[in-house]
1. For the range 1-103, which fully contained helices (runs of 4 or more DSSP H) count at least 1 residues that are open to solvent by 20 Å² or more (accessible area, probe 1.4 Å), at pLDDT 95 or above and touching a Gly at 6+ places or on another chain (Cβ under 7 Å)?
2. Which residue is farthest from Ser42 (Cα to Cα), if the candidates are limited to the range 159-171 and must be buried (at least 20 other Cβ atoms within 10 Å of the Cβ) and among the hydrophobic types (A, V, I, L, M, F, W, C)?
3. Can you tell me which residue within the range 142-157, out of those that are farther than 27 Å from Leu24 by Cβ and out of contact with any Lys or Arg (no Cβ under 7 Å at 6 or more places or on another chain), is most open to solvent (accessible area, probe 1.4 Å)?
4. Can you name the number of the only condition in (1) at pLDDT 95 or above; (2) open to solvent by 50 Å² or more (accessible area, probe 1.4 Å); (3) over 25 Å from Ser67 (Cβ atoms) that Thr131 fails?
5. I need the full set of residues from the range 108-121 which are open to solvent by 60 Å² or more (accessible area, probe 1.4 Å) and either touching a residue at least 12 places away in the same chain (Cβ under 8 Å) or among the aromatic types (Phe, Trp, Tyr) (or both), in order please.
6. Just the residues that are free of Cβ contacts under 8 Å to residues at least 24 places away in the same chain and not hydroxyl-bearing (Ser, Thr, Tyr), please, taken from the range 133-146.
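The values are calculated or read from the model by the stated rules, or taken from the named source; none is laboratory data. What you see is a predicted model, and the numbers here were worked out from it, not measured in a lab. Positions of Cβ are backbone-derived with ideal geometry, glycine not excepted, and every protein chain shown enters the neighbour counts. SASA here: full protein model, heavy atoms, side chains in, ligands and nucleic acids out. Shrake-Rupley method; radii C 1.70, N 1.55, O 1.52, S 1.80 Å.
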Amino acid sequence: MSKQGGLRSVAEAHPVVVAMAAGLVAGVVAAASDRMLDGLVSSKQKRRDRRVREAPAHQAAGPYFASKLLHRRLSPREKGGARALFGVLYGLGWGVIHSRLTRRFPILTRWGGLPFAVPFFCACDGMIAPTLGVSPGLHRIPWQPSAKELGNHVAWTAAAELVHRLAGERR
């Protein structure tokens, strides 16, 4: 273990802990990105988006899965809790996936992780969410909300990369 302490010693002892921390930090950054980029989506595009889905996939997934598990509709408070729980699980899971893939394929870490971010968006919003019934396919969603979601995935990945770099895992 490193004598320096901090993130570097945690990374040496438990790289999975760094991966999960990276995913959680990245989730907070992506939430801030979502709020910031939301102002760039026009009211018209937001109305078109709401005609095809209740909310973006990352916001709808928690309540969707909780409702399926509980076999009932959720109250607004329960929806908020389900969103928060999903956000944590998403961060932990994708943090580990991101870490494993970038260790195996270091090119994914270039340019702040951009080579990971684009396929990450396509996988989440283009394949996983529609396949699970959380959100319609990208062809049904207006381009501005999709561009915003792509921006959120770029922010998520850049933040995860920064955590790994601070932990001494990347140069």
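1. Numbers: elements: 6-13, 15-38, 43-52, 57-70.
Of the helices (runs of 4 or more DSSP H) lying wholly inside the range 1-103, those with at least 1 residues that are open to solvent by 20 Å² or more (accessible area, probe 1.4 Å), at pLDDT 95 or above and touching a Gly at 6+ places or on another chain (Cβ under 7 Å) span 15-38.
2. Filtering the range 159-171 down to residues buried (at least 20 other Cβ atoms within 10 Å of the Cβ) leaves 159-161, 163-164, 167, 169.
Going one step further and asking which of them are among the hydrophobic types (A, V, I, L, M, F, W, C), we end up with 159-160, 163, 167.
Values: Ala159: 27, Ala160: 29, Val163: 33, Ala167: 39 Å.
By that ranking, first place goes to Ala167.
3. Filtering the range 142-157 down to residues farther than 27 Å from Leu24 by Cβ leaves 142-144.
Subsequent filtering for residues that are out of contact with any Lys or Arg (no Cβ under 7 Å at 6 or more places or on another chain) retains 143-144.
Working: Trp143: 170, Gln144: 37 Å².
Among those that are farther than 27 Å from Leu24 by Cβ and out of contact with any Lys or Arg (no Cβ under 7 Å at 6 or more places or on another chain), it is Trp143.
4. (3)
5. Within the range 108-121, the first condition is being open to solvent by 60 Å² or more (accessible area, probe 1.4 Å), and the residues that meet it are 110-111, 114, 118-119.
Passing the criteria: Trp111, Leu114, Val118.
6. From the range 133-146, those free of Cβ contacts under 8 Å to residues at least 24 places away in the same chain are 137-139, 146; that's our starting set.
Those that are free of Cβ contacts under 8 Å to residues at least 24 places away in the same chain and not hydroxyl-bearing (Ser, Thr, Tyr): Gly137, Leu138, His139.
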